[in-house]
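Trainee: What follows is a structure written as structure tokens; I'll ask about it next.
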Amino acid sequence: MKKIIISSLFLLLPLGSISYALNNEKDFLEISRNSSKELLMSLKQQLTFALKSNDTKKAVVVCSSISQDIAKNISEKHNLVIKRVSLKNRNPNGKPDEFEIENLKQFDELKVKNKLKENHEIFSLVKENNKEYFRYMKPIITAKSCLQCHGNNTEVKEDVKKILLEKYPNDIAFGYKEGDVRGAVSVKINTNLD
């Protein structure tokens, strides 16, 4: 499997300028970057609004439900699959596949070596079930505000833990520290679409 690791700045193109005539790796990379940016910016906006009202429970709803809707809308709009994945997932929809596991581990290794930058990304063309896909991943770094729901036992309030464990009984997305790799945005594009 060909894999390329790069550290670069996002292309700051308006979303309306994305080419839909995707025919090379550069086009797939551009739409992956823009879709990833769109997801993260939309999610951050929703979470910031929820946390400004000091309502961590509302933030749980944003991460659990609204984020899924945002990802679905972006996926449909750009004819791709975009999601957030983690080795310590909360939502079963965030469970990584083999490609994602391998690259999440790589992000963790780079973090341990202090070589992971927030703008790192991994992308490659892969064959799955006799189809070719462009795969893209960008790490999600744990911010201080994330610790209200993803921190250790003293950082996550009991009422929030209760809500999370009711909604996600198999939740393993606790124990993060600021700066940890929380997971990644994963984009998958079928390159054979006409």
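Trainee: Which pairs, out of Lys167/Lys188; Lys88/Lys131; Lys37/Lys138; Lys131/Lys188; Lys37/Lys77; Lys44/Lys72, put more than 18 Å between their alpha-carbon atoms?
Mentor: From the list (Lys167/Lys188; Lys88/Lys131; Lys37/Lys138; Lys131/Lys188; Lys37/Lys77; Lys44/Lys72), the Cα-Cα distance tops 18 Å for Lys167/Lys188; Lys88/Lys131.
Trainee: Related question: Which cross-chain or sequence-distant (5 or more) residues have an amide H under 5 Å from the amide H of Glu121, H modelled 1.01 Å from N in plane?
Mentor: Ile6, Ser8
Trainee: Quantify how much of the Cα-Cα distance distribution of the chain extends past 26 Å, in percent.
Mentor: Summing the P(r) tail past 26 Å for the chain gives 32 percent.
Trainee: Could you give the dipole magnitude of the stretch 10-167 about its Cα centre, charging the beta-carbon of Lys and Arg +1 and that of Asp and Glu -1, in debye to the nearest 20?
Mentor: Computed about the Cα centre, the dipole is about 460 debye.
Trainee: Now for a separate question. In terms of modelled amide H atoms, which long-range or inter-chain residues lie less than 5 Å from the amide H of Ile140?
Mentor: Arg182, Gly183, Ala184, Val185
Trainee: Another question, then. In whole Å, how far is the Cα centre of the stretch 151-194 from that of the stretch 117-140?
Mentor: So the separation of the two Cα centres works out to 20 Å.
Trainee: How big is D, in µm² s⁻¹, for the stretch 106-194 by Stokes-Einstein at 25 °C and 0.890 mPa s if Rh is the Kirkwood radius over C-alpha pairs?
Mentor: It comes out at roughly 161 µm²/s.
Trainee: Then there's this: Looking at Ala50, Asn119, Val156, which one has the Cα that reaches farthest to the positive end of the dipole of the chain (charges on Cβ: Lys, Arg +1; Asp, Glu -1)?
Mentor: Going by the charge dipole, the pick is Val156.
Trainee: As a test of the definition: which semi-axes, in Å, follow for the stretch 26-73 when you take the square root of five times each eigenvalue of its alpha carbon gyration tensor? Largest first, please.
Mentor: For the stretch 26-73, the ellipsoid semi-axes come out as 26, 11, 5 Å.
Trainee: Using the heavy atoms of the protein chains alone and a 1.4 angstrom probe, what is the accessible area of the stretch 59-181 per residue in square angstrom?
Mentor: I get 55 Å² per residue for this part.
Trainee: Mind ordering 26-34, 63-71 by average Cβ neighbours within 10 Å, highest first?
Mentor: Ranked from most to least packed, the peptides come out as 26-34, 63-71.
Trainee: Any chance you could give the angle, 0 to 90 degrees and rounded to 10, that helix 25-52 forms with the longest Cα principal axis of the chain?
Mentor: That works out to roughly 20 degrees.
Trainee: Share of the stretch 90-167's accessible area from carbon and sulfur, percent, 1.4 Å?
Mentor: C and S atoms contribute 48 percent here.
The values are calculated or read from the model by the stated rules, or taken from the named source; none is laboratory data. These numbers come from a predicted model, not from an experiment. So basically every Cβ, Gly included, is an ideal-geometry build from the backbone, and we count neighbours across all protein chains shown. Areas reflect the complete protein model, heavy atoms only, side chains present, ligands, DNA and RNA absent. Shrake-Rupley method; radii C 1.70, N 1.55, O 1.52, S 1.80 Å.
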